[in-house]
1. Hey, among ILE55, ILE76, which residue is in contact with a helix residue (DSSP H, G or I) (Cβ under 9 Å, 6 or more places away or on another chain), under 30 Å from TYR112 (Cα atoms) and at pLDDT 95 or above?
2. Within the stretch 62-74, take every residue that is in contact with a Phe, Trp or Tyr (Cβ under 7 Å, 6 or more places away or on another chain) and crowded, with 16+ Cβ neighbours inside 10 Å and give me the one that is nearest to PHE34 (Cα to Cα).
3. Going by what's in this entry, would SER43 be described as within 19 Å of GLU100 (Cα to Cα) and surrounded by fewer than 17 Cβ atoms within 10 Å (Cβ to Cβ)?
4. Could you please give the count of residues in the stretch 49-88 that are closer than 21 Å to ASP107 by Cα and of a type in the set (Asp, Glu)?
5. Do you know which residues across the stretch 46-70 are closer than 21 Å to PRO132 by Cβ and not aliphatic (A, V, I, L, M)?
6. Could you tell me which residue of the stretch 93-103 is farthest from HIS116 (Cα to Cα), considering only residues that are surrounded by fewer than 13 Cβ atoms within 10 Å (Cβ to Cβ) and touching a Lys or Arg at 6+ places or on another chain (Cβ under 9 Å)?
7. For the stretch 58-73, how many residues are farther than 30 Å from GLU119 by Cα and either basic (Lys, Arg) or assigned to a loop (DSSP other than H, G, I, E, B) (or both)?
8. Restricting attention to the stretch 85-127, report how many residues are part of a helix (DSSP H, G or I) and touching a residue at least 60 places away in the same chain (Cβ under 8 Å).
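The values are calculated or read from the model by the stated rules, or taken from the named source; none is laboratory data. Since the model is a prediction, treat every value here as computed from it, not as a measurement. For neighbour counting, all protein chains shown are included, and Cβ atoms are generated from backbone atoms with ideal geometry for every residue, glycine included.
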Amino acid sequence: MTRILTKITAALAAVMMLTLTPGVPAHAAGAAYFRMTDTDGRSRFIIKLTDEAKIAHARRILSGEERDRIHVHGRIIKRPVPYNPGWSYHLNPDTIGFFEVAIEVCDSSMQYLEDHLDEAGGAFLPGGHWCPWSSRLVDEVRPS
């Protein structure tokens, strides 16, 4: 009888812990999406971040806390994705990072890359690495 009461008490305690544990904020689990711009300030491109440290870094950029490594870089994938409408390519979330300075060979505007996407990965943006020098995050967005 004591064993049964102990098991029931333990089970009830476990259920209570699950019930009282605060939920994980939506932005803490999974992906976060950020809109960026480049040279003209009008074009918008959305990146998907899945690494918590990179998500936190992006949020520090937007808050003004991070002022050095503020430009976006990563490897392009020549395929559109629903969260980045209007573009025929996106950045591989696993390769996205932030930089302060980079070599010229990976610099390009969003529109120039779109217009010359078939050339990307060769002499233009070798290895598909893109580091738009004028890139800057604009805001955090929810995917549509």
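1. None of the other options fit; the residue is ILE76.
2. Filtering the stretch 62-74 for residues that are in contact with a Phe, Trp or Tyr (Cβ under 7 Å, 6 or more places away or on another chain) and crowded, with 16+ Cβ neighbours inside 10 Å, the one nearest to PHE34 (Cα to Cα) comes out as VAL72.
3. No: the conditions fail for SER43.
4. 1
5. Within the stretch 46-70, LYS48, THR50, ASP51, LYS54, HIS57, ARG59, ARG60, GLY64, GLU66, ARG67, ASP68, ARG69 meet the criteria.
6. Step by step, filter the stretch 93-103, then rank; the result is GLU100.
7. Adding up the residues that qualify gives 7.
8. Result for the stretch 85-127: 3.
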